[in-house]
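**Q** One structure, pasted below without further comment.
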Amino acid sequence: MAGYISDDTRKVTTHRLIEMKQRGEKISMLTSYDYTMAQIVDGAGMDVILVGDSASNVMAGNVTTLPMTLDQMIYHAKSVVRGVKRAMVVVDMPFGSYQGNELEGLASAIRIMKESHADALKLEGGEEIIGTVNRILSAGIPIMGHLGLMPQSINKYGTYTVRAKDEAEADKLVRDAHLLEEAGCFGIVLEKVPAVLAERVANELTIPVIGIGAGGGVDGQVLVIQDMLGMNNGFRPRFLRRYADLHTIMTDAISHYISDVKNLDFPNEKEQY
Ligand code: KIV
């Protein structure tokens with residue numbers, strides 16, 4: 001199987017991500033929410049690890065990302081940071097921790113950075129949150145934007161379908177992307193937008209554009225780790241490539257363990273003291 005293990009062990013920084021865009025090297029990004037997984041993902045050579053508020057779905061079993069709290073994000077972020085040596089660790093600011101006002105957003109951002117020791121934050125939105133983005137950036141905290149499908153706004157959309165298919169929404173997305181770049185964000189995630197639009201944004205911006213369901217014309221890709229490892233059998237959107245069938249592998253291993261215990265096969269003589 002083809003692999004990509006970088007022999008460059010230097011810590012990935014915002015500056016290095018921008019250099020990667022400049023030389024046309026695609027950026028790899030994947031979520032993690034705990035120490036063990038983060039160690040594996042970092043050891044495999046991932047450029048960016050996102051402590052996504054998708055933890056709400058895949059770790060806590062919620063239907064949306066909205067219930068995630070600041071304390072819960074900090075807990076996940078601290079666990080991930082302890083497992084990572086090289087990758088840049090980006091943490092999602094959870095719903096309700098930055099939309100209120102600029103100072104509330106700044107206070108939440110400072111708590112995440114101070115308590116988790118992560119490298120950067122990700123916020124959903126453009127023009128609506130630009131004051132908060134400026135405030136957090138002015139405190140020296142790197143920010144990644146997130147446009148297109150913004151799961152924290154799911155109650156406004158009412159559906160997880162592709163965003164920015166009409167001209168007005170596409171125009172706003174392009175304007176927001178420029179605003180975020182001008183403010184000083186080091187990158188932007190584009191979620192579930194037409195590939196042509198995503199490629200246009202990536203071409204117009206000098207900062208990296210990382211896509212999820214946004215086609216191959218962007219500067220990098222991000223996926224939720226449980227999805228790409230095939231742990232969630234029920235979630236199979238078109239954009240998702242499953243690199244393993246861990247649901248089957250884990251179920252088989254666990255069933256095997258159950259039958260070994262029931263049949264008095266585990267533990268055997270060598271597996272006891
Ligand atoms: O929370 C998350 O995992 C994300 C990715 C889907 C980009 O924001």
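The values are calculated or read from the model by the stated rules, or taken from the named source; none is laboratory data. Please read these numbers as outputs of a predicted model, since none were measured by experiment. Note that we place each Cβ from the backbone using ideal geometry, even for glycine, and neighbour counts take in every protein chain shown.
**Q** Quick one: in region 24-64, of everything that is within 18 Å of Met113 (Cα to Cα) and surrounded by fewer than 21 Cβ atoms within 10 Å (Cβ to Cβ), which residue is nearest to the ligand (Cβ to nearest atom)?
**A** The selected residue is Asp34.
**Q** Now, a different point. Please determine, by comparing only the residues of region 187-196 that are crowded, with 24+ Cβ neighbours inside 10 Å and of a type outside the set (Val, Ile, Thr), which one is nearest to the ligand (Cβ to nearest atom).
**A** So, considering only residues that are crowded, with 24+ Cβ neighbours inside 10 Å and of a type outside the set (Val, Ile, Thr), the one nearest to the ligand (Cβ to nearest atom) is Leu190.
**Q** Would you check if Gly184 is in the same structural domain as Leu106 (by TED's automatic domain parsing) and buried (at least 22 other Cβ atoms within 10 Å of the Cβ)? Let's see the steps before the verdict.
**A** Values: in the same structural domain as Leu106 (by TED's automatic domain parsing): yes; buried (at least 22 other Cβ atoms within 10 Å of the Cβ): no.
Criteria not met by Gly184.
**Q** Evaluate region 89-102: report whether one residue or more is without any contact (Cβ under 8 Å) to a residue 60 or more places away in the chain, assigned to a helix (DSSP H, G or I) and loosely packed, with under 15 Cβ neighbours inside 10 Å.
**A** no
**Q** Picking from Ser116, Ser138, which residue would you name as being more than 15 Å from the ligand (Cβ to nearest atom), in contact with a strand residue (DSSP E or B) (Cβ under 7 Å, 6 or more places away or on another chain) and among the small types (Gly, Ala, Ser)?
**A** Step by step, each of Ser116, Ser138 is checked, and only Ser116 is more than 15 Å from the ligand (Cβ to nearest atom), in contact with a strand residue (DSSP E or B) (Cβ under 7 Å, 6 or more places away or on another chain) and among the small types (Gly, Ala, Ser).
**Q** Would you check if Met59 is under 12 Å from Gln226 (Cβ atoms) and not charged (D, E, K, R)? So that I can check it myself, show each step before the final result.
**A** Values: under 12 Å from Gln226 (Cβ atoms): yes; not charged (D, E, K, R): yes.
Criteria met by Met59.
**Q** Working carefully through the options Lys114, Lys85, find the one that is in a helix (DSSP H, G or I) and either at positive phi or surrounded by fewer than 16 Cβ atoms within 10 Å (Cβ to Cβ) (or both).
**A** Answer to the check: Lys114.
**Q** If you check Leu197, Leu240, which single one turns out to be touching a helix residue (DSSP H, G or I) at 6+ places or on another chain (Cβ under 9 Å), not in a loop (DSSP other than H, G, I, E, B) and not basic (Lys, Arg)?
**A** Values: Leu240 fails: not in a loop (DSSP other than H, G, I, E, B).
After applying the criteria, what remains is Leu197.
**Q** Against the condition in contact with a helix residue (DSSP H, G or I) (Cβ under 7 Å, 6 or more places away or on another chain) and either part of a loop (DSSP other than H, G, I, E, B) or in contact (Cβ under 8 Å) with a residue 60 or more places away in the chain (or both), how does Leu106 come out, does it pass? Give the steps one after another, and end with the answer.
**A** Values: in contact with a helix residue (DSSP H, G or I) (Cβ under 7 Å, 6 or more places away or on another chain): yes; either part of a loop (DSSP other than H, G, I, E, B) or in contact (Cβ under 8 Å) with a residue 60 or more places away in the chain (or both): no.
So Leu106 does not fit the description; no.
**Q** Consider His247 against the criteria (1) free of Cβ contacts under 8 Å to residues at least 24 places away in the same chain; (2) away from the ligand (no atom under 14 Å from the Cβ); (3) in a loop (DSSP other than H, G, I, E, B); (4) not polar (S, T, N, Q): it satisfies all of them except one. Which criterion is unmet?
**A** (3)
**Q** Which ones in region 203-218 are of a type outside the set (A, V, I, L, M, F, W, C), in a loop (DSSP other than H, G, I, E, B) and within 14 Å of the ligand (Cβ to nearest atom)? Break it down stepwise before answering.
**A** Taking region 203-218 and keeping what is of a type outside the set (A, V, I, L, M, F, W, C), we get 203-204, 206, 208, 211, 213, 215-217.
In the following step, the residues that additionally are in a loop (DSSP other than H, G, I, E, B) were identified as 206, 208, 213, 215-217.
Scanning region 203-218 gives Pro208, Gly213.
**Q** Kindly evaluate Ile154 against the criterion of being of a type outside the set (Gly, Ala, Ser), within 16 Å of the ligand (Cβ to nearest atom), surrounded by 14 or more Cβ atoms within 10 Å (Cβ to Cβ) and part of a helix (DSSP H, G or I). Can you show your working first?
**A** Working: of a type outside the set (Gly, Ala, Ser): yes; within 16 Å of the ligand (Cβ to nearest atom): yes; surrounded by 14 or more Cβ atoms within 10 Å (Cβ to Cβ): yes; part of a helix (DSSP H, G or I): yes.
Here the answer is yes, as Ile154 does meet what is asked.
**Q** Now, a different point. Quick one: in region 56-82, of everything that is in a helix (DSSP H, G or I) and among the hydrophobic types (A, V, I, L, M, F, W, C), which residue is farthest from Met46 (Cα to Cα)?
**A** Leu70
**Q** Here's another thing I want to ask about it. Considering only residues that are within 16 Å of the ligand (Cβ to nearest atom) and either among the β-branched types (Val, Ile, Thr) or surrounded by fewer than 17 Cβ atoms within 10 Å (Cβ to Cβ) (or both), which ones fall in region 119-132?
**A** Ile129 - this is the single residue of region 119-132 that is within 16 Å of the ligand (Cβ to nearest atom) and either among the β-branched types (Val, Ile, Thr) or surrounded by fewer than 17 Cβ atoms within 10 Å (Cβ to Cβ) (or both).
**Q** Still on this model: So Leu190 fits all but one of (1) in contact with a helix residue (DSSP H, G or I) (Cβ under 6 Å, 6 or more places away or on another chain); (2) within 24 Å of Glu25 (Cβ to Cβ); (3) outside any strand (DSSP E or B); what number is the exception?
**A** Just one mismatch for Leu190, condition (3).
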